[in-house]
1. Tell me, please, whether a residue that is out of contact with any strand residue (DSSP E or B) (no Cβ under 8 Å at 6 or more places or on another chain) and more than 14 Å from chain B (Cβ to nearest Cβ) can be found in the stretch A:78-92.
2. Out of B:Leu80, B:Leu15, which single residue is more than 21 Å from A:Leu45 (Cβ to Cβ) and without any contact (Cβ under 8 Å) to a residue 24 or more places away in the chain?
3. Applying the selection to the stretch A:118-131, what residues are touching a residue at least 60 places away in the same chain (Cβ under 8 Å) and buried (at least 24 other Cβ atoms within 10 Å of the Cβ)?
4. If you take just the helices (runs of 4 or more DSSP H) that sit entirely in the stretch A:377-472, which of them hold at least 1 residues that are within 14 Å of chain B (Cβ to nearest Cβ), under 23 Å from A:Gln320 (Cα atoms) and among the charged types (D, E, K, R)?
5. For the stretch A:327-346, check the following and say yes or no: at least one residue is outside the structural domain of A:Met68 (by TED's automatic domain parsing), out of contact with any His (no Cβ under 9 Å at 6 or more places or on another chain) and over 23 Å from A:Leu389 (Cα atoms).
6. Could you figure out which of (1) surrounded by fewer than 19 Cβ atoms within 10 Å (Cβ to Cβ); (2) in a loop (DSSP other than H, G, I, E, B); (3) of a type outside the set (Val, Ile, Thr); (4) in contact with a Ser or Thr (Cβ under 9 Å, 6 or more places away or on another chain) isn't true of A:Asp280?
7. For the stretch B:82-96, give me each residue that is of a type outside the set (D, E, K, R), more than 9 Å from every other protein chain (Cβ to nearest Cβ) and either surrounded by fewer than 22 Cβ atoms within 10 Å (Cβ to Cβ) or more than 21 Å from B:Tyr61 (Cβ to Cβ) (or both).
8. Can you tell me which of A:Leu45, A:Leu41, A:Leu31, A:Leu71 is within 14 Å of another protein chain (Cβ to nearest Cβ) and surrounded by 22 or more Cβ atoms within 10 Å (Cβ to Cβ)?
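The values are calculated or read from the model by the stated rules, or taken from the named source; none is laboratory data. Keep in mind that this is a model prediction, so the values were computed, not measured. Don't worry about glycine lacking a Cβ; one is built from the backbone with ideal geometry, like all the others, and counts go over all protein chains shown.
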Amino acid sequence: MYLYDAIDQSLVDQRVEQFHDQVRRRMAGELTEEQFKPLRLMNGLYLQLHAYMLRVAIPYGTMSSHQMRKLAHIARRYDKGYGHFTTRQNLQFNWPKLEEMPDILAELAEVQMHALQTSGNCIRNVTADQYAGAAADEVADPRITAEVVRQWSTLHPEFSFLPRKFKIAVTGSPRDRAAARVHDIGLIIKSDEAGAMGYQVIVGGGLGRTPMIGVTVHDFLPKRHLLSYIEAILRVYNQAGRRDNMYKARIKILVHALGAEEFIRRVNAEWEAIRDSAVDLPAGEHDRIAAFFAPPRFEPLAKHDALFARYRLEDREFAQWARTNVAPHKQPGYDIANISLKPEGGIPGDATAEQMNAVAAIAERFSFSEIRVTHEQNLVLPHVRQADLYDVWQTLRSHDLATPNLGLISDIIACPGMDYCSLANARSIPLAQDISKRFADLKQQHDIGELKVKISGCINACGHHHVGHIGLLGVDRKGEEYYQITLGGSADENTSLGEIIGPAVSYDNVVDAIETITTTYVGLRTDGESFLDTYRRVGKEPFKETLYAAH
Amino acid sequence: MATQVISANRLGDGLVVYMTDGSGWSERIADAHAVTDKEAGEAAMAAARAAEVARLVVEPYLIDIDESGGERRPTRYRELIRAKGPTVRPDIGKQAEL
C-alpha cells in the first residue's frame, strides 16, 4: 500500500488545521452558511436530510486494517455505530456533528486518511479495480496509476474549479470491474506486442440524467505520457466545458457537442504543447510509487490447496460461498475473498463498527492487512491463502458477513435514497431489502445466475441504475414513489445502457415486477445463458409483454 | 392555505428541528409553531432567518402539515422521513426516541 511521505502528511495536517479554524469561524458567526458551505464541501461534509454527512476518501478503494479500525472507532465515537460504503469506493458517516468535525478529521489524519476531493467540482477520488494486484487476469496493477493520478490531482490549482465534478477510474484487466466506460475518464492498462505498458483512454462516459458510454480517444497511450495527456483532456474541458447550466456541464456533454473527432483534435493540439514537459512523471518517481505496491511476501504454494478442496467437498455451505465469493488470484495457492455487505434484508453497503473491526482483524490475520472496497458496495480480502479460506469464511459468518451472493440478484447496488439523501425523490434501500427477502432462497438465486440489480433514488444515478442488468430509478409522481425500470444495462467491458421497458411502477409493485422479469428470463434462456445474454438476444419485448400484460 | 410549520437543521449537530412559539427550536414537530395564513408564515420565516443569522439553524423553510387525526404529520413523504428518521433504521433518529 502507498504510505504517506512528509509532504502528504503535512498537506493533510494543514487541511485539518484550516478546517478547524473554518468551523470555529462558522460557529462564531464570522462565516455565513453561504460562505461556509463551499469550505465544508471541500472537506467532504454535506448537509443531508437528517444531519450532516461526512464522505471519507478511500483512495482507489484500498485501505489497511489499521485504517478500517479507525473508521470503526469514528463510527462508534462520533456517529451511530455504522458507516456506509459507497459506489465511489468511499465511506459515508450519516450523523457526524459539525462541532466534532475537526476532531474527526484529526483522527482520520492519524491514519493517513481525509475527505479531500470527495465533493466539489474537482477531480474526485480516483477509483480502480478492487482486485488490483491480485487478479489472475491482470495486465498491470491499476493502483500505481491511480496513486500517480491522486498525487497529480490533489489540490491541483488549475483543476479545483472545473465546470463540474470529474471522475477517473482505472483498470488493469481486460475484464472491467471498475466501470471505466462510464467515467469522465476511464483508463484501461494494456501491453503492446513488445510488452510495453500503455493506456486505452476513454473519455466522456457517465450516468446521471444524460447517460453516455465514453469514447476511446487514444488506443494506446504510452505509460510515460499519462499525466500530460490527461492534463490536456482536463484543459480542453476546463476551457470549453459549459458553466452556464450544471446539467450540461460534465465532459460527456462537451465530447458529444464537439463530436469525438473535434474533441480529440483539441486534446492533441493541447497535448503537443505540453507533452515531454515537466508534467509527466520522471521514471524514477514512477518507480518509487510503484515500489509501494510490490506484491506482499507470498508463500510459495501449490496451485491448488488440498485442504481447501476437502472443505469444499465436506461443507456444502462453504462450497456455495467459495463458488460465488471467491475469485482466482495470480499467485498460486492464493485466492481473492469477497465479503458481501448484502445480507438478506440488509442495507447494501452498510457495516457496523463491530463488523469493520472484524474485517480489520481477519485482514490482518489472513490478507496482509489489506482490504478493498468495491464500487458494488462490498469488501474484498485481496490475498488469502486457499488453505485459510475455511477459517476466513467461518469468522466472516459469525459476523453476518458471509452471504454467498456475489453477483446474484440480492447483491444489489442501492444509493442512500430518500432515507438519507436530500436530493432523492424516492427510497432505494427498502426496495433492495424487499428484493433480497423475496429471493432469499439461495438455490433460486443461483439458478437465476448472474443478475445485477441497481437502484437510484433520483436521476443523479448514484445507484448506477443505467448500467444495471435490471435498473430501478425512483421518481416522484404527485408525492408517490414510482420506479422506472430499465433492462439490459452493464458496466463491464461490454458496457451498455439499460432501456426503459415501460411506464414506471408503484413502490408496492416493484418486487413483483422484478419477479416477473426473472421468471420471464428463466422461461426464455437457453442452457447456461445469463440474464444479460438472454436480454441481448431477445430484446425488451418479451419482458414488456409479461410485465405489463396484467396492467 | 395549508397549515405550515418551519423546519431547519440545527447548525451545531445538523439535526432536524422545528421552530416553536417564541422562536425557540425543538427536535419534535409536535412542539412546532403552526401558521395558517401567508402573513403569519412570512413573519415566522423572518424570525427563522434571524435564528439563522444567530447561528442556531441552517436553511429554514416552511413545510405543509396535516393535523387531522390528532397527530401532526408533514404532508410530503420526504418531510415525514425527516420528522421520524430513516424508514430502514427504526432504531435510530427521532422515531427511536418516541
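1. No, the conditions are met nowhere in the stretch A:78-92.
2. B:Leu80
3. A:Thr118, A:Ile123, A:Asn125, A:Val126, A:Thr127, A:Ala128, A:Gln130, A:Tyr131
4. Values: elements: A:389-397, A:429-438, A:442-448.
Of the helices (runs of 4 or more DSSP H) lying wholly inside the stretch A:377-472, those with at least 1 residues that are within 14 Å of chain B (Cβ to nearest Cβ), under 23 Å from A:Gln320 (Cα atoms) and among the charged types (D, E, K, R) span A:429-438.
5. Yes.
6. Condition not satisfied by A:Asp280: (1).
7. Going through the stretch B:82-96, the residues of a type outside the set (D, E, K, R) turn out to be B:83, B:85-88, B:90, B:92-93, B:95-96.
Those still in the list that are more than 9 Å from every other protein chain (Cβ to nearest Cβ) too: B:83, B:90, B:95-96.
Listed by number, the residues that qualify are B:Pro90, B:Gln95, B:Ala96.
8. A:Leu45
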